[in-house]
Protein chains: 4
Amino acid sequence: MTFDPLPPAPANVVGRGPKVRAAVLAATLAELGETGFAALTVENVARRAGVHKTTVYRRWKDRRNLVTDALTDHVVSNISIPDTGCVASDLSQLARHVVRLQNSPIDQAVTTALHSDAARLPEVAEIRRQFFADRFRRAEPIIGRAVERGELPSDTDPTLTIKALIAPIYLRILVTAEPIDDASADHAAEITLAAARAGVFRRPRC
Amino acid sequence: MTFDPLPPAPANVVGRGPKVRAAVLAATLAELGETGFAALTVENVARRAGVHKTTVYRRWKDRRNLVTDALTDHVVSNISIPDTGCVASDLSQLARHVVRLQNSPIDQAVTTALHSDAARLPEVAEIRRQFFADRFRRAEPIIGRAVERGELPSDTDPTLTIKALIAPIYLRILVTAEPIDDASADHAAEITLAAARAGVFRRPRC
Amino acid sequence: MTFDPLPPAPANVVGRGPKVRAAVLAATLAELGETGFAALTVENVARRAGVHKTTVYRRWKDRRNLVTDALTDHVVSNISIPDTGCVASDLSQLARHVVRLQNSPIDQAVTTALHSDAARLPEVAEIRRQFFADRFRRAEPIIGRAVERGELPSDTDPTLTIKALIAPIYLRILVTAEPIDDASADHAAEITLAAARAGVFRRPRC
Amino acid sequence: MTFDPLPPAPANVVGRGPKVRAAVLAATLAELGETGFAALTVENVARRAGVHKTTVYRRWKDRRNLVTDALTDHVVSNISIPDTGCVASDLSQLARHVVRLQNSPIDQAVTTALHSDAARLPEVAEIRRQFFADRFRRAEPIIGRAVERGELPSDTDPTLTIKALIAPIYLRILVTAEPIDDASADHAAEITLAAARAGVFRRPRC
DNA sequence: CCTTAAACGAGACGGTACGTCATGTCTTGTC
DNA sequence: GACAAGACATGACGTACCGTCTCGTTTAAGG
């Protein structure tokens, strides 16, 4: 969920191209954060990017494509998966990592946008889906190793477990609007660990 | 979070007043569900309610007030608190009740709206806050009775516990967009119960 | 080619309607006169009329309709046909009348517009056609009476004669851009009279 | 008012210069004829000339200069002055020549443009003025010879006479939009001759 | 024949105006 | 007196064209 340093180059590279593209996408995310998707205006984005309205429309068909592109660009599930040799630490570390990814204003804006009216756009919904699918998939080894080490019951479902881990965090972000910190992360890890040890996430469940 | 049949009548009662009011608010919720807050249009609401645009503006200052009022009217925390004599059943029942409250299209629309761009309106944020605060407060006795019965550790924090209970449900609603049913509810209850028994929700924590 | 005092009311009569309509049409003609059809801008017309752009578009589909309507409204062939008992005076009077109709800035603007790029619009071309057809038809009696009085050869074609009468005037207006006055009118009348007496306009000709 | 085969070369002669210049000016006149000055776009001209927009702007400062240059290039008063020894024939021949100059689409386009919104450009107005001034000047000998031969009154003003000659033709072109042919030309000549013989064009008049 | 400078193709850009749509205010007539 | 109807100012939408400005790439001399 941070800048992708690799050259994705979905647009042309001539002239001021790349600079304009970056400026407009950054402005879009900033506006998304400040005013939200519903109130986001192409003209404000353009002004903020120091660019003319028609320049935005030259590269993006409409407001929706602009937002979609801005989110796509910044939603990169580069989450790092801990491997401490102890499932309790692993879950805690993972949860803390998720929490930290919400600390920059830009990533807050992205998360908020992904769960706002923008999510009615099929492309945005798909971005969100892939983001979480990727996150669940990458976190699987944590549970796999824990099972191998005998820390968790065999048949413990990795995805169910990770969902349980992030659920309290997203409840605070999206529902109760409480701040999140390492303590919140550890709390979520404890809940998950207790449930996992009790066999709540064993496969037959869905 | 269901239709309130009682006459709240915060507006005038003369003429076609109440009928118009109800029709417009119902139309507002329907539009909220279909198009979302960002794309909600006073003209569409008016058309749907079989009423003229100016009639809407006569009663509500603007689009924001209309939405706020529609949500206020329908967000009524009339959740029923189970008392089965067993905390496992109580949590399961409560979770199932929460799930069922999402079954009507209108309540889905309300929940979606409460967590969409509309939540940037202070009034809507306040509605959401009060709704959940009320829900947590009313559910406290479940935990209290469980502690008294010795089913859960003393010092188990009711609010923390209930938050843990609803977290997986709201993750499915808001994040993963998965359908929710009684199984989801029971799963959430199991997680919570395991964690609670393990003492994860004891007071010192926050 | 002057204001039509009769209530044409092609638009609704509610609200500021008629006032706005008149203001916009007047502004349109003024802009036509100052900048011409090619450079006429709806936004400038609106500003000049003290009205918002969308108000113009509410009543007229586009720039073309606006211009067409403005011209229609003001092109009223209310030319008065002299009857002095002498064809020489009649032609002179008629020519002078035509010249005088070009004296107001507004009528100059209309004439210019009718012979500018605006005439590529089929509606404007039709307005012009009808205007001149009507003028030729109304002037017929002058020639008819002259023939009856024996002042002109029988079989003198009225339309041919009137065309010859106005040709030098319109040459000055449209081609040589010379000012026109009563002397120009009398000159045109003399040419026409000499030719008519010589039998140049007798029917067999076309 | 036809293609000038001489190398005017107001631009450089190196490279593809002359070919491009000719193609663009031809395309400009074609567009002038089809869409008129008001709707003429540089991009359409460029496309039609098989050239890129920037190539047009490299040679002409703007749309106005392009049109001006295209008209200048093609408005060449190469009218041939008849000398048949008889003023009646001379006038008829001259009129027929004027008519024939309107037969090519390109010359029609030029004439239309000269009397359209383009004429608001001072340069275009000047082109028109010079074109007609030149035509009147070159036609003078016709009248001079007629006077010498005693066919017309002494003091017959050549310019007035020629204006009278072309007036009916331009009325058909610009006002009544009727087709013109040799008959129209002869008719104009007859009118003019009758008036001239009657002394209508004697000098004191203006 | 081969280089070399101009002219050209391509297209992004800031800008003006277009014509559309929704907001929220207002007035007029009608039930 | 509340409502329907709808005009209005405002402001954003998304489009087309203007005229300017790089960049590479021909291409037609001139060495």
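Worth a mention:
- Residue tally, condition farther than 18 Å from C:Leu171 by Cβ, within 14 Å of another protein chain (Cβ to nearest Cβ) and β-branched (Val, Ile, Thr), over the range D:78-108: 0
- Members of the range B:37-81 found to be over 26 Å from A:Ala113 (Cβ atoms), hydrophobic (A, V, I, L, M, F, W, C) and away from DNA strand F (no atom under 15 Å from the Cβ), listed by number: B:Val76, B:Ile79, B:Ile81
- Selection status of D:Gly50, more than 16 Å from DNA strand E (Cβ to nearest atom), modelled with pLDDT of 90 or more and surrounded by fewer than 21 Cβ atoms within 10 Å (Cβ to Cβ): no
- B:Asp4 meets the conditions (1) modelled with pLDDT of 60 or more; (2) under 18 Å from B:Ile106 (Cβ atoms) in every case but one. The failed one is (1).
- Looking across the range C:135-155, just one residue is in contact with a Gly (Cβ under 9 Å, 6 or more places away or on another chain) and crowded, with 23+ Cβ neighbours inside 10 Å, and that is C:Leu152.
- Against the test of being within 16 Å of DNA strand E (Cβ to nearest atom) and either of a type outside the set (Gly, Ala, Ser) or more than 14 Å from every other protein chain (Cβ to nearest Cβ) (or both), the options D:Thr111, D:Thr72, D:Thr68, D:Thr55 yield a single qualifying residue, D:Thr55.
- Flag not set for A:Asp90, criterion: surrounded by fewer than 20 Cβ atoms within 10 Å (Cβ to Cβ), away from DNA strand F (no atom under 16 Å from the Cβ), among the charged types (D, E, K, R) and in contact (Cβ under 8 Å) with a residue 12 or more places away in the chain.
- Filter result for D:Ala188 (closer than 14 Å to D:Ser89 by Cα, hydrophobic (A, V, I, L, M, F, W, C), over 24 Å from the mean Cα position of the chain (by Cα) and at pLDDT 95 or above): no
- Listed conditions (1) under 27 Å from D:Ala118 (Cβ atoms); (2) touching a residue at least 24 places away in the same chain (Cβ under 8 Å); (3) part of a loop (DSSP other than H, G, I, E, B) are all met by C:Asn103, apart from (2).
- Against the criterion of being among the hydrophobic types (A, V, I, L, M, F, W, C) and in contact with a helix residue (DSSP H, G or I) (Cβ under 9 Å, 6 or more places away or on another chain), A:Ala183 does not qualify.
- Test result for C:Lys61, free of Cβ contacts under 8 Å to residues at least 24 places away in the same chain and in contact with an Asp or Glu (Cβ under 6 Å, 6 or more places away or on another chain): no
- Test set (1) in contact with a Ser or Thr (Cβ under 8 Å, 6 or more places away or on another chain); (2) within 15 Å of DNA strand F (Cβ to nearest atom) - C:Leu121 fails condition number: (2)
- Test result for C:Leu171, at pLDDT 95 or above, buried (at least 18 other Cβ atoms within 10 Å of the Cβ) and under 17 Å from the mean Cα position of the chain (by Cα): yes
- Hits in the range A:29-56 - residues which are polar (S, T, N, Q) and without any contact (Cβ under 8 Å) to a residue 24 or more places away in the chain: A:Thr35, A:Thr41, A:Asn44, A:Thr54
- The listed residue being more than 23 Å from B:Glu126 (Cα to Cα) and either in contact with a strand residue (DSSP E or B) (Cβ under 8 Å, 6 or more places away or on another chain) or not aromatic (Phe, Trp, Tyr) (or both), out of B:Arg47, B:Arg63: B:Arg47
- Any hit, the range B:24-31, residues being more than 14 Å from chain A (Cβ to nearest Cβ), modelled with pLDDT of 90 or more, more than 16 Å from DNA strand F (Cβ to nearest atom) and surrounded by 14 or more Cβ atoms within 10 Å (Cβ to Cβ): yes
- Evaluation of C:Asp182 against (1) touching an Asp or Glu at 6+ places or on another chain (Cβ under 9 Å); (2) surrounded by fewer than 19 Cβ atoms within 10 Å (Cβ to Cβ); (3) in contact (Cβ under 8 Å) with a residue 40 or more places away in the chain (one fails), failing number: (1)
- With respect to (1) over 28 Å from A:Val200 (Cβ atoms); (2) surrounded by 15 or more Cβ atoms within 10 Å (Cβ to Cβ); (3) among the basic types (Lys, Arg), the lone exception for B:Lys163 is condition (1).
The values are calculated or read from the model by the stated rules, or taken from the named source; none is laboratory data. None of the values given here were measured: they were computed from a predicted structure. Cβ: placed from backbone, ideal geometry, glycine included. Neighbour counts: every protein chain shown.
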